Amino acid sequence: MTSFQGAIGSATRPVSAASRDAMRALVLRDLLVLRKNLGEFIARTLIQPFLLVFIFLYVFPSIGQSVGGHGSVRESAFATVLVPGVVGISIMFQGIQAVALPLSTEFGYTREIEDRVQAPCPISLVAMAKVVSGAAQGVLAAIVVFPIAAVVHAEGVEAHLSVHLWILVTLIPLASVAMSSLGLLLGTFFEPRNIGLMFGFVVLPLTFLGGTYYEWERLAPIEVAGVHWLQIIVLLNPLIYVTEGMRAALTEAQHMPLYVIYPVMVLFLAVFLSLGLRNFRRRVLA
Amino acid sequence: MSSVTAQSASPDALGGAAAMIQTSELTKFYPGAEVAAVDHLGLEVRAAEVFGLLGPNGAGKTTTAGMLGTRVVPSSGRAFVGGVDVVGEPARAKQLIGVVSQTNTLDRQLTVQENLYFHGRLFGFAAPESRRRADELLQRFQLSEWAGASVFALSGGMAQRLMVARAIFHRPAVLFLDEPTAGLDPQSRLALWDLVRELNGEGQTILLTTHYMEEADQLCNRVAIMDHGRILALDRPAELKRSLDAETVVVLRARGDGESLLARLRSAVPEIVRWRSEGDALELQVKGAERLVPRLVAAAEESGHEVLDISVAQPTLENVFISLTGRALRD
C-alpha cells in the first residue's frame with residue numbers, strides 16, 4: 001500500500017452512510033424547490049380538478065345538460081363517481097409534473113442531471129430520490145384537491161362521500177409512488193422536444209380512458225360480438241386502478257375488488273420503476 | 001508512442017511518488033463505433049500536480065475524464081482515483097472526485113448559495129457546516145453579492161467559477177476540469193487560469209482536458225498529448241517543446257513556387273529540421289537562431305521569391321502536436 005491510500009482511499013465514508021446522506025439531500029432539495037414554488041404547485045394542482053368539477057358538477061347541472069342523467073339524484077350519483085376520479089387524476093398528474101417534466105428538461109436541456117449523478121451514491125438512488133419526492137407531491141396533491149372536489153358543485157348536486165380511512169392511507173401513497181414511477185419512465189424516455197407527443201399519445205389517452213368519469217363496471221355495455229373490448233383495453237391503463245381505488249376509499253360506489261387493485265398497482269409500480277431506472281442508467285452512463 | 005509505457009494495474013505497485021490517478025489498458029469502445037475512443041491508455045497522475053490531456057476534439061480526452069469520473073463505463077482496463085477502483089466501486093470513488101463539466105450544470109431552481117449548500121448536503125456535510133463552507137466559498141470566489149440570486153443571473157465566467165466552487169466543496173482528491181475555458185471570454189479565461197494555479201498551489205490535484213495548447217502550456221505540470229484515444233507523448237510542456245529539437249519556428253510567406261523556395265531555403269539554412277506548408281505560408285522549425293531572419297530573407301530574395309511576410313516564434317505545444325500527427329490541433 002502506498003501512503004495515499006491510507007490518506008485518501010480509506011478516508012472515504014462507507015458507501016451506505018454516504019448514500020443515505022445523498023438521498024436525503026436530493027429529496028430535501030426537491031422539497032425546498034416545492035416550497036419555493038408552492039403557489040405554482042397549488043395552482044397547477046388545482047386547475048384541472050377545478051375545471052373538471054366546475055364544468056361537470058356546476059355548469060352542466062345548471063344548464064340542464066348533465067352527464068349521467070338529469071335530476072339531482074342522477075347528478076349527485078355522477079358527482080360521487082367524479083370526485084374520487086378527480087383525486088386519482090391529480091395523483092397521476094403529479095407523476096408527470098413533478099417527475100417527468102423536470103427530468104426530461106434536466107436530461108435533455110439543462111444537463112443538470114450530469115452533476116446530480118456525481119453524488120456519492122449509486123446512480124439509481126438519484127432516480128429513486130426523484131420518485132420519492134414526486135410521490136410526496138402526489139400525496140400532497142390528493143390532500144389539496146379533495147376539498148375542491150367536494151365543495152364545488154351546483155345546488156342539489158352533491159357527491160356522497162364516505163371515507164374508508166385504511167384504504168385511503170394505504171392507497172394514496174401506493175398510487176403516488178406508482179404514478180411517480182410512471183413519471184420516471186416517461187421523463188427518461190421523452191426528449192424535451194417530444195414532450196408534446198408524450199401529452200398527446202400517453203397522458204391524454206390515460207386521462208380519458210382512466211375511469212375518471214365512469215366506473216369501470218359501467219363500460220360493460222360497450223361490446224362487439226360479446227367481447228367487452230373497451231373494458232378489457234382500459235385494464236392496461238394504470239390510472240383505472242387508481243380511480244377505482246379512490247372510489248373504494250372515498251365512496252360507497254361500486255368499484256373493482258380491492259384484491260385486484262392493490263396487486264395490480266404494485267405490479268405497475270414495479271414495471272414502471274424498473275424500466276424507469278433502466279432508462280435512467282442508460283441515459284446517464286455511456 | 002514508445003515514450004509511454006502502461007502502468008501496472010495495481011496501485012500497490014506504485015513506488016515513490018503518490019499517484020492520485022492510475023489507469024492501465026483503459027479502453028472504451030462506444031456502441032457501434034469501430035475504433036476505440038480510448039485505446040489501452042496507461043496514465044499516472046501524481047498528487048498535487050496539474051495534469052493536462054491535450055488533443056483535438058474526438059481525441060478521447062473527455063471519454064478518459066468520463067471514465068475516471070464514473071460516467072463512462074470502460075470496455076476494458078482498469079482505473080483508480082485516490083486508490084479506489086472507479087469501475088468496481090463508483091459510488092465510493094465519487095466521494096473523491098469533483099467535476100466541472102463543459103456545460104453549465106448548475107441547478108436552475110436554486111440560488112447561487114443554495115447550489116453550494118445542497119452540494120455540501122449531498123456529500124454528507126451537516127446543515128450548519130454546509131452553510132458555513134458555502135459562504136466561505138462564495139466569499140473566496142467573489143460570488144457573495146450574488147448569493148441569493150438565481151443562477152440565471154450569472155455571466156458565463158461567474159457560472160464557471162460557481163461550478164468550480166461546487167466541485168471543490170467536498171475537498172475532492174482530484175478535480176476534473178473538462179475544457180474549462182471553452183466558450184469563456186478572454187478575461188474570464190485568465191481569471192480561471194489564476195484560480196487553477198491558486199488551487200493547485202494549495203495542493204489540489206487537477207486533471208484538465210483542453211484543446212487549447214496555450215492553456216495546457218500555461219497551467220499543466222505535465223501534459224499528455226492525445227490523438228485517436230492514445231497518448232502520443234507525455235512530459236512537462238517545456239520538455240515536449242524541447243523534444244522538437246528546434247528553438248525557433250518561422251512562418252514565411254513569399255511569392256512564387258513554394259517547392260523551389262523550400263529547396264533553396266533548406267540549402268541556405270541547414271539548421272531547418274522540420275517544415276510544412278500551410279496555404280501560401282511555409283512553416284519552418286529551425287535549430288539555432290543565429291541571424292536567422294536575414295539569412296532566410298536573403299536566400300528567398302536571391303532565388304527570386306519576394307518575401308511578403310515573416311514571423312519568428314518559439315515552438316508551442318501545437319508544433320509538437322503537428323510534428324506528432326501531421327495535423328493541426330483544430331483540424
Flag for residue B:142 being surrounded by fewer than 22 Cβ atoms within 10 Å (Cβ to Cβ) and within 14 Å of chain A (Cβ to nearest Cβ): no
Elements of type strands (runs of 3 or more DSSP E) in the stretch B:226-331, at least 1 residues being under 30 Å from residue B:74 (Cα atoms): B:230-235
Residue B:66 being under 30 Å from residue B:322 (Cα atoms) and either of a type in the set (Val, Ile, Thr) or within 12 Å of chain A (Cβ to nearest Cβ) (or both): yes
Filter result for residue B:156 (away from chain A (no Cβ under 12 Å) and in contact with a Gly (Cβ under 8 Å, 6 or more places away or on another chain)): yes
Matching entry among B:45, B:72, B:50, B:87 (being within 14 Å of chain A (Cβ to nearest Cβ), in contact with a helix residue (DSSP H, G or I) (Cβ under 7 Å, 6 or more places away or on another chain) and modelled with pLDDT of 90 or more): B:72
Unmet requirement for residue B:200, which otherwise passes all of (1) assigned to a helix (DSSP H, G or I); (2) in contact with a strand residue (DSSP E or B) (Cβ under 6 Å, 6 or more places away or on another chain); (3) crowded, with 23+ Cβ neighbours inside 10 Å: (3)
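Listed here are the residues, each with its yes/no results for (1) surrounded by fewer than 20 Cβ atoms within 10 Å (Cβ to Cβ); (2) in contact with a strand residue (DSSP E or B) (Cβ under 9 Å, 6 or more places away or on another chain); (3) of a type in the set (A, V, I, L, M, F, W, C).
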| position | (1), (2), (3) |
| --- | --- |
| B:153 | yes, no, yes |
| B:166 | no, yes, no |
| B:187 | yes, no, no |
| B:214 | yes, no, no |
| B:238 | yes, no, yes |
Selection from the stretch B:75-84 of residues that are more than 10 Å from every other protein chain (Cβ to nearest Cβ) and surrounded by 24 or more Cβ atoms within 10 Å (Cβ to Cβ): B:79
Residue B:95 part of a loop (DSSP other than H, G, I, E, B) and assigned by TED's automatic domain parsing to the domain that holds residue B:46: no
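One line per residue, one yes/no per condition, for (1) free of Cβ contacts under 8 Å to residues at least 60 places away in the same chain; (2) assigned by TED's automatic domain parsing to the domain that holds residue B:61; (3) of a type in the set (Val, Ile, Thr):
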{"position": "B:177", "(1), (2), (3)": "no, yes, no"}
{"position": "B:185", "(1), (2), (3)": "yes, yes, no"}
{"position": "B:192", "(1), (2), (3)": "yes, yes, no"}
{"position": "B:196", "(1), (2), (3)": "no, yes, yes"}
{"position": "B:200", "(1), (2), (3)": "no, yes, no"}
Residues (surrounded by fewer than 19 Cβ atoms within 10 Å (Cβ to Cβ), within 17 Å of residue A:285 (Cα to Cα) and more than 7 Å from chain A (Cβ to nearest Cβ)) located in the stretch B:90-120: B:102
Subset tally (residues that are farther than 13 Å from residue B:38 by Cβ and part of a loop (DSSP other than H, G, I, E, B)) for the stretch B:72-90: 6
Which listed residue, of A:91, A:42, is in contact (Cβ under 8 Å) with a residue 40 or more places away in the chain, surrounded by 20 or more Cβ atoms within 10 Å (Cβ to Cβ) and of a type outside the set (Lys, Arg): A:91
Subset of the stretch B:135-154 [among the aliphatic types (A, V, I, L, M), assigned to a helix (DSSP H, G or I) and under 28 Å from the mean Cα position of the chain (by Cα)]: B:137, B:138, B:151
Top-ranked residue of the stretch B:148-202 - restricted to ones that are closer than 18 Å to residue B:106 by Cβ and basic (Lys, Arg), ranked as modelled with the lowest pLDDT: B:161
Residue tally, condition more than 14 Å from chain B (Cβ to nearest Cβ) and either in a helix (DSSP H, G or I) or over 30 Å from residue A:156 (Cα atoms) (or both), over the stretch A:10-63: 22
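To keep it simple, each residue is scored yes or no on (1) farther than 28 Å from residue B:210 by Cα; (2) among the basic types (Lys, Arg); (3) buried (at least 19 other Cβ atoms within 10 Å of the Cβ); (4) in contact with a helix residue (DSSP H, G or I) (Cβ under 6 Å, 6 or more places away or on another chain).
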site: B:266; (1), (2), (3), (4): yes, yes, no, no
site: B:281; (1), (2), (3), (4): no, no, no, no
site: B:285; (1), (2), (3), (4): no, no, yes, no
site: B:290; (1), (2), (3), (4): yes, no, no, no
site: B:301; (1), (2), (3), (4): yes, no, no, no
site: B:307; (1), (2), (3), (4): yes, no, no, yes
site: B:319; (1), (2), (3), (4): no, no, yes, no
site: B:327; (1), (2), (3), (4): no, yes, no, no
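Residue-wise test of (1) outside any loop (DSSP other than H, G, I, E, B); (2) within 30 Å of residue A:51 (Cβ to Cβ).
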residue	(1), (2)
A:194	yes, yes
A:222	no, yes
A:249	yes, yes
A:254	no, yes
A:269	yes, yes
A:274	yes, no
A:279	yes, no
Checklist (1) surrounded by fewer than 24 Cβ atoms within 10 Å (Cβ to Cβ); (2) touching a residue at least 40 places away in the same chain (Cβ under 8 Å); (3) not in a helix (DSSP H, G or I) applied to residue A:126, failing item: (3)
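Yes or no, residue by residue, for (1) at pLDDT below 90; (2) under 26 Å from residue A:56 (Cβ atoms):
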site	(1), (2)
A:167	no, yes
A:184	no, no
A:201	no, yes
A:205	no, yes
A:217	yes, yes
A:230	yes, yes
A:235	yes, yes
Which listed residue, of A:202, A:139, is in a helix (DSSP H, G or I) and within 25 Å of residue A:35 (Cβ to Cβ): A:139
Single match in B:70, B:63 (criterion: within 19 Å of the chain's Cα centre (by Cα), polar (S, T, N, Q) and over 19 Å from residue B:158 (Cβ atoms)): B:63
Filter result (hydroxyl-bearing (Ser, Thr, Tyr) and outside any loop (DSSP other than H, G, I, E, B)) within the stretch A:205-214: A:207
Of residues in the stretch A:99-119 being within 9 Å of chain B (Cβ to nearest Cβ) and modelled with pLDDT under 85, the one farthest from residue B:122 (Cα to Cα): A:110
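The values are calculated or read from the model by the stated rules, or taken from the named source; none is laboratory data. Please read all numbers here as calculations on a predicted model, not as lab measurements. Glycine also receives a Cβ, built like all others from the backbone with ideal geometry; neighbour counts cover every protein chain displayed.
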